[in-house]
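Heads up: the structure comes next, in structure tokens.
Quick note: the coordinates plus some simple rules give every number you see, no bench work behind them. Values in this document were obtained by computation on a predicted structure and should not be read as measured data. Heads up, the Cβs are rebuilt from the backbone with ideal geometry, glycines too, and the neighbour counts pull from every protein chain shown.
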Amino acid sequence: MRLRLPEERPTEPPTGYKIAHPVLSHDGTRAGFTGVSLGGALPYGVVADASCVYGLRHQAPHRRCDCGFHCVHDRSTAESLLCTAEHRAAVLLEVSVIGRYLRFERGFRYARQRIRVATVGPCTCGTVASALADAGWGRPGWRALAPSCAGCLRGRTSVSLASFARLAGEGLRVVAGSGAAGCGVAVADVVADGLGVPELAAEAALLQARLDWFQSQLARLGERGKGGEG
């Protein structure tokens, strides 16, 4: 006799939490995310469908495979994953679980998702992040990003939180967190369809940081010129 799992028919999509690395396309026109474990080589957008990473032709999620998107039920469980060294630069995602899913004790494995909120942790210096900057690694066609404050950009390729939200589209909200990585305390709420005073202030801080960096480089070149060096 074959046992069947109980079926659920929720009136609204269940909510789950996961972590991922934000990514920016090589031409700077698209933004998305890439996972931290299984399927991490395949960046996805705000609204995305899962497929079997092993190339099998069954629909994800399959009972006898571990394919599909993964998330946990509890926000604090997802936040605790940000404490590991390899995940410190990841962001916390709040997702809507859409379509077919398998429920487990700690989370879901499911076919389709919509990312509603992305919470960005602090810069490595401990300051609240105002941008996402080049993390020094990536995937083919995609540049991985990490939280950064205006003072730590140092000329790296970067986008403000507002710009990332606009590039990702689909109504994504990007929230800057404060304190230790993964604390999830919201201090700025950036909505893709509009800019307020906090967002404009963050944009201005980014421009000022880049201007300061260029001025420091020009000053160094000027000092070399006065000394007669090449």
Q.
Can you give me the C-alpha center-to-center distance between the stretch 87-143 and the stretch 13-82, rounded to a whole angstrom?
A. 8
Q: Enumerate the residues in the stretch 2-39 having an amide nitrogen under 14 Å from the point lying 7 Å beyond the Cα of Arg116 toward its Cβ.
A: 11-18
Q. Sorted from fewest to most neighbouring beta carbons within 10 Å, what does the list Ser76, Ser160, Ser25 look like?
A. Ser76, Ser25, Ser160
Q) Average projected area of the Cα convex hull of the stretch 15-223, in nm²? A) 12.4
Q. When only C-alpha pairs under 8 Å and at least 6 residues apart count, what is the relative contact order of the stretch 15-223, in percent?
A. 20
**Q.** Leu211 paired with Thr157, simple spin-label distance in nm, labels 7 Å along Cα-to-beta-carbon
**A.** 2.6
Q. So, in nm, how far is label Arg103 from label Leu221 when the simple model puts each one 7 Å beyond its Cα toward the Cβ?
A. 6.3
Q. Which value in Å is the Kirkwood Rh of the stretch 53-109 over different Cα pairs?
A. 12.9
Q: May I ask you to sort Glu7, Glu79 by Cβ crowding, counting other Cβ atoms within 10 Å and putting the fewest first?
A: Glu7, Glu79
Q | For the stretch 1-108, the spread of Cα positions along each principal axis, largest first, Å | A | 52, 33, 28
